[in-house]
Structures are given as C-alpha cells and as structure tokens.
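J.: Next up is a structure, given as structure tokens.
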Amino acid sequence: MAHILLVDDEQEIAQLVRLYLENEGHTVTTLYDGGEAAKAIDQQEFDLAILDVMLPGQDGFSLCARIRQAHNYPVMMLTARTEDTDKINGLAIGADDYLTKPFNPLELVARVKAQLRRYTRYNQGQPQPLEQLDIRGLRIDHEKHECFLYDQPVPLTPTEFDILWLLASNRGRVFSAEELFGKVWGEEYLESNNTVMVHIRRLRAKLGENTRKPKFIKTVWGVGYKIE
C-alpha cells in the first residue's frame, strides 16, 4: 500500500478523502498548509501526492514544481476553480491528473489506483518486457523506465514515459488525442480535455524539440501525433 501526501486547507474535504484512502489500506499524511507540505516533501518519502491549488503558505502549483525537482511519483491536483488555464498550468509543471471540486471521492480513489498502478509498474520492479528503442539518439529502455537523449538522461514522469513509449514503439502510426488519452489514462476522452496537448508540449520541451521542426514527436494536423 502507498504512502500518500494529501494537502488541502478545507479540513472537512481532507478528512473525507483521507478516510476513503485509508479504507483502501493506504497511509495518508494530511496537511492543511503549503509551508508545512513543502517541509514534508523534502523530508519524507511518498508514493503519490494530492495537492489543493489554493493553500496558505505555498500554493499547490509551487508544491508540484518542488516535487518535480527531485521526485517522479504521481501528483494529482485539486481545485475549486474550473478555468482551463489552471488545469493547463498544473499539467505543464508536472501534475499527472486534475480534479475539480466538488468531486466524487470514489472517482478520486479510482484515479489514485490508476496512477499508483502506473508508478508501481515502472518503479517497484514488476516484470516488463526487455525492450529498448533507439531513434536518432533518443534511447528508451522500457524495462528500466529510462530515457536518454544523446546519452544524457531525460527525467520523465510515468505518464510522460507512457506517451513517449507508445509513440516510439509504434513508429509511423498516427495517434489521435482521443486514442492517446484512452490508452495512457484508460478513460473516456472529452472534447474540452487539453491533457494530451499539455503533456505532448512538456515532452517536446524535455526533448529540446524545435516546435516548428520537431525531430521526434510530429503533429499531423487535424489527425494527431506520431514518431517517424
């Protein structure tokens, strides 16, 4: 079972979420202040973080960025605001998922399970096919969950790695945003969902891509994305 960091200044919501997660067998560290959460991130080991956006001390975006400086465990953002810019900002700095308040606690638990499955599969030694891909200096090791560009490590979150591996292991095939979302997130895609676009943009940035002439992840306009 996982050790989960839960940060939300609305104590009733935090305690409800904690109860649902503990019923699944997880250990939950619950904090209500961004400053205290920052200390916990630096001092403790977690398997997943659930962060409210609006917090005293430090906001959830700052905490997510702090996690991504040293850790690759999944980060889920919670917010009462519904603007797409909030969602895009959270995903752009490294969040793996995003829920808008009010939310169904059972949906949150299901999403936690999905994120932990992905993280555990790549980081806790479950057997994977021994496969490596090398594409023009981009080397991806599926078993070790490692990515190198010209022999320099590229730090990827589990979600980013899933997208890159799917595209790279199906070279030449175009995947629509709907198809990528279904295969990587395992959920139904909504037309207003910018998640795939934001993750592709973040992947390109980590690979040092020229957006006008990308070397690896190419856009087929009106269709989707591919790696040739």
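Values quoted throughout were computed directly from the atomic coordinates according to the rules given, and no laboratory measurement underlies them. Note that the structure is predicted; figures quoted are calculated from it, not measured. No Cβ is skipped: glycine too gets one built from the backbone with ideal geometry, and neighbour counts run over all protein chains shown.
J.: Just need the relative contact order of the chain here, percent rounded to a whole number, with Cα pairs under 8 Å and 6+ apart.
T.: Computed value for the chain: 13 percent relative contact order.
J.: Hey, another quick one. Hey, rough spin-label estimate for residue 43 and residue 176, points 7 angstrom out along Cα→Cβ, what's it come to in nanometres?
T.: 5.1 nm
J.: Based solely on its DSSP helices, what 222 nm [θ] is calculated for the chain when runs of n ≥ 4 H residues each add -39,500 (n - 2.57) and the sum is averaged over all residues, nearest 500 deg cm²/dmol?
T.: -12500 deg cm²/dmol
J.: Just list whichever of 87/206; 144/226; 39/215; 101/213 have alpha carbons separated by over 30 Å in the model shown.
T.: Result: 39/215; 101/213 exceed 30 Å.
J.: Once the cut-off is 17 Å, how many percent of the Cα-Cα pairs in the range 1-43 end up in the long-distance tail?
T.: 29 percent
J.: Tell me the Kirkwood radius of the chain: reciprocal of the mean inverse pair distance over distinct alpha-carbon atoms, in Å. Intermediate values should be presented prior to the final figure.
T.: Numbers: mean 1/r = 0.0547 Å⁻¹.
Value: 18.3 Å, from the Cα pair sum.
J.: If packing is taken as the mean number of other Cβ atoms within 10 Å per residue, what is the order of 55-63, 220-228, highest first?
T.: Per-residue mean Cβ counts within 10 Å order the peptides as 55-63, 220-228.
J.: Which order do 145, 3 fall in if you start with the one that has the fewest other Cβ atoms within 10 Å?
T.: 3, 145
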